[in-house]
Every structure is written in C-alpha cells, then in structure tokens.
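The values are calculated or read from the model by the stated rules, or taken from the named source; none is laboratory data. Predicted, not measured: the structure shown is a model, and the values here were computed from it. Reconstructed Cβ throughout: ideal geometry from the backbone, glycine too, with neighbour counts over all protein chains shown. The accessibility values were calculated without ligands, DNA or RNA, using every heavy atom of the protein model including side chains. Shrake-Rupley method; radii C 1.70, N 1.55, O 1.52, S 1.80 Å.
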Amino acid sequence: MDSEIVFLFLQQGIASGLVTGSVYALLALALVIVFRTTDVANFAEGEFYMAAAYLAFFLIALVGLPIWIAAPAMVVAIAAAAGLFQRVVLRRVAAARGVSVNLVIATLGLSYVLKGFVRATGFGDTPRSFPSVVPEGSITLGHASLSYLDLAILGAALAVMAAFFAIFNLTRTGRAMRAVGMNRRAAQLVGIHLGRTERLVWIFAGGISAIAAILIAPKLLMTAEMGGVVTLAFAAAIVGGFASLPGAVIGGFIIGIAENLVGLFVSTRAITVAPFVIIMLVLIFKPQGLFGGRLRVRKV
C-alpha cells in the first residue's frame, strides 16, 4: 500500500469515524448522565433508541406525518416514556431500599419489554429502511467524501451536544443535576428535589437517545436488535471515563474513528473487535478512563 492510498484511507476513516462516532457519543452521553446522577447503568438505553426509530418510522411512513412534526413528537414521546419509567418503576424500587443491582435489573427488564413489544407489533419481523429526508449527494473534503446525510448527522449531533452542555453547565436545572451527582444528601439539604431531578435526567437521556435514533436510522436497516449499538456507547463511556461527560463524547469519536480505520486498513471482519481492544488498552493503562476522575471507594 503506497503512501498516497494510506493518506486517502486515513482521511476517509477519520471523516466517516466522526459521523458514526457522533452517534455513539450521543448515546454515551445519555448513559453517563444517568449513571453520574443516579448510579444506575441503563441497559435499556439501546431499546429506547430502537423504539424511537420504530416510532418515527410509524409516524412518517405509515401515518404520513411530515418529518418536522413526526421527529419532535417522537422525541417528546420517548423522553416522556423514560421519565415515566423512572417515576413508576425506578422510584418504587429505590423506595423499597433496593440495592443498585435491582435498579439495573429493572432497566434490563425494560429492554426486553420494549424488544418484545416491537416484535409483537409485527414491525420487527423483517428489516425495514427508514426514509431519508436529506437529499442524495456528497461533498469532498480533502480526499474524504461525505454524503449530505453524513454532514447532517454530524452537524445535528454536535448541536445537540452543545445545547446539552449549555443546559448542564449554565442553567439552574443543570446545576441541580451536577449537585445530585456529586453529593445527594448535600443536594437535598440545600432544597434540591431528588426525585424530580432524577426524573429530568431520565427525560434528557430518553430525548438524546431518540435524537440519535432519527439521525442514524436512515443509514441502517431497522431491526428489533438494533439497540445492540448501546454496547458501543458503553465502550465509548468506558474509554472516556464513565463519570465524565466530555470523556463520553471524546470516547464516542475515538470508537467511531477506530472502527473505520480498522475496517479500511485491517479488515471489515475486525471492526467489531476494535472497540474492545481499545477498552482493554485503556483499562490497562488508565483504569478510570481517559477523562475519569479519581476512583471513589464507597462504604457499604
């Protein structure tokens, strides 16, 4: 392989990796805000993403709603469902003094319920194509080629991340979320309502998952198993540091770029292995992740 081809592959791998990585970063962001605030690893994250894609498909392709109505309606519905799950299930488990593993099992149960529901409706029986609302065509950046859809995905994902970071760092709601994540008891003493704040976190996480779904769905075949992408979001969160929001974003881009470079330089069969090799390397040299803070030891 001569240097010109290596340079071409390198540019294309990075450009394509930024697009797929932006979706991983969104999902990792949703995982980290829930974990950081509630200490719950949300194993239903991928199924929120899957349900959002099918709901959008139902509203656009079958009901006939225009995308500018269907997309916001879908995001609101998924965000509300996530908030309802926290209010009806997780709050009761926590009130019964359930340990963290009970809360995690509750999210795992929800993931099976959502997958079973999609299969029961018949929509998940065969792979389906999500209609693209972005016109066909591409542009060339250096030696890399990106479609208009790729650019729309990357731009929208970056805009959502910027909006979330602004809310998280500059608003009273965001400060309440950070306070609960740092010290729940102290946050409660200064008047922050724990239940309401945790519900808001779940609503944000559901909304972010729904946005990720509508961005990437036109590039994939929809199946009831598409929520498995959450594995890569977990990989991104682990690489970046499970308690770090910027780390989750950067971890998403690292995983996306690594996948594409491995596919171009090594083999497409090695793509699925690449994220886990990166996880092992990061855990060996920096167990708390690239941007994770110092390890906290909790007394039980």
key: Where region 1-103 is the region considered: accessible area per residue in Å², 1.4 Å probe   = 43 Å²
note = Per region 99-239, sqrt(5λ) over the Cα gyration tensor eigenvalues, sorted largest first, in Å, gives 33, 24, 13
ask   = Counting alpha carbon pairs within less than 8 Å and at least 6 residues apart, what relative contact order, in whole percent, applies to region 160-300?
value = 16 percent
key: In degrees, nearest ten, helix 274-285 long axis to first principal axis of the chain (Cα)   = 50 degrees
ask   = Which value, in Å² rounded to 10, gives the accessible area of THR231 with a 1.4 Å probe and all protein chains present?
value = 60 Å²
query = Averaged per residue, what accessible surface does region 211-300 expose to a 1.4 Å probe, in Å²?
reply = 52 Å²
request  = Leaving ligands, DNA and RNA out of it, rank ILE278, ILE33 by accessible area with a 1.4 Å probe, largest first.
outcome  = ILE278, ILE33
ask   = Across bins of 10 angstrom width beginning at 0, how are the C-alpha pair distances of the chain distributed, in whole percent?
value = 6, 26, 35, 23, 8, 2, 0
note = The correct ranking of VAL32, VAL262 by accessible area at 1.4 Å, largest first, is VAL262, VAL32
query = Counting only protein heavy atoms, what percent of the accessible surface of region 82-225 is carbon or sulfur at a 1.4 Å probe?
reply = 62 percent
ask   = Using helices alone, what [θ] at 222 nm do you get for the chain, with -39,500 (n - 2.57) per DSSP H run of 4 or more residues, divided over all residues and rounded to the nearest 500?
value = -22500 deg cm²/dmol
Average Cα contact separation per residue, the chain, under 8 Å, 6 or more apart, as relative contact order % = 35 percent
message = For the full complex of protein chains and a 1.4 angstrom probe, list LEU29, LEU8, LEU170 by accessible area with the highest value first.
response = LEU170, LEU8, LEU29
task = From the C-alpha gyration tensor of region 166-286, pull out the three semi-axes of the equivalent ellipsoid (sqrt of 5λ each), sorted largest to smallest, in whole Å.
result = 33, 19, 11
key: Residue with peak Gaussian network fluctuation, the chain [Cα springs, cutoff 10 Å], from ILE208, ILE284, ILE254   = ILE284
key: Surface per residue (accessible, 1.4 Å probe) for region 125-201, Å²   = 59 Å²
inquiry  = Taking the full set of protein chains and a 1.4 angstrom probe, give the accessible area of ARG196 in square angstrom, rounded to the nearest 10.
reply    = 140 Å²
inquiry  = Suppose a student asked you for the relative contact order of region 131-226, using Cα pairs under 8 Å spaced at least 6 residues apart; what percent would you report?
reply    = 21 percent
note = Scoring only Lys, Arg, Asp and Glu (+1, +1, -1, -1) among other residues with Cβ under 15 Å from the Cβ of PHE9 yields -3
Whole-angstrom Cα spans of region 18-122 along principal axes, big to small = 46, 35, 21
request  = Determine how large the accessible area of ILE214 is when every protein chain is in place; take a 1.4 Å probe and give Å² rounded to the nearest 10.
outcome  = 30 Å²
